[in-house]
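Worksheet: one structure, shown below.
The values are calculated or read from the model by the stated rules, or taken from the named source; none is laboratory data. Predicted model only: the values in this text are computed from it and were never measured. Positions of Cβ are generated from backbone atoms using ideal geometry, with glycine treated the same way; all protein chains shown enter the neighbour counts.
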Amino acid sequence: AAAPAAAPTPAPTLALPAPASPASAPAKSSLPPVKSPMAGTFYRSPAPGAPPFVNVGDQVQKGQVLCIVEAMKLMNEVEADRSGTIVEILLPDATPVSMHTPLFVI
């Protein structure tokens, strides 16, 4: 029973970044991606079922909330470090992240 449970977990992690690479979206921005300030769980919206903070193509301002990273039951807002357009969202919702994991390309 442990093997079937373990198999689906790596599949989304490996399958989702692959489609992002051929899009070559990072090439559209010479700036570094917005990264997670801590380890935790990446959430695109403020609550389950709520609309995401931002979507690809959205104009954002420096200091605007892009997502939250939950760490030890605390919701930590991740803000844009510059103004611009969201070119790519690098992770699916509810993904575990490490410190400095790239999250967005602006």
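In this structure, is residue 101 of a type in the set (Val, Ile, Thr) and at pLDDT 90 or above?
So residue 101 passes the test.
Evaluate the following for residue 31: is it in a loop (DSSP other than H, G, I, E, B), modelled with pLDDT under 85 and of a type outside the set (S, T, N, Q)?
yes
Which of the residues spanning region 54-70 are touching a Lys or Arg at 6+ places or on another chain (Cβ under 7 Å) and surrounded by fewer than 20 Cβ atoms within 10 Å (Cβ to Cβ)?
Across region 54-70, the qualifying residue is only 62.
Cβ-Cβ distance below 6 Å, separation of 6 or more or different chains: which pairs start in region 48-73 with a residue that is touching a residue at least 12 places away in the same chain (Cβ under 8 Å) and within 17 Å of residue 88 (Cα to Cα) and end on one that is assigned to a loop (DSSP other than H, G, I, E, B) and among the basic types (Lys, Arg)?
As it stands, the answer is 52/44; 62/82; 67/44, since those pairs meet every condition given.
Could you check region 71-93 and list, in sequence order, the residues that are exposed (fewer than 13 other Cβ atoms within 10 Å of the Cβ) and hydrophobic (A, V, I, L, M, F, W, C)?
The answer is 72, 74.
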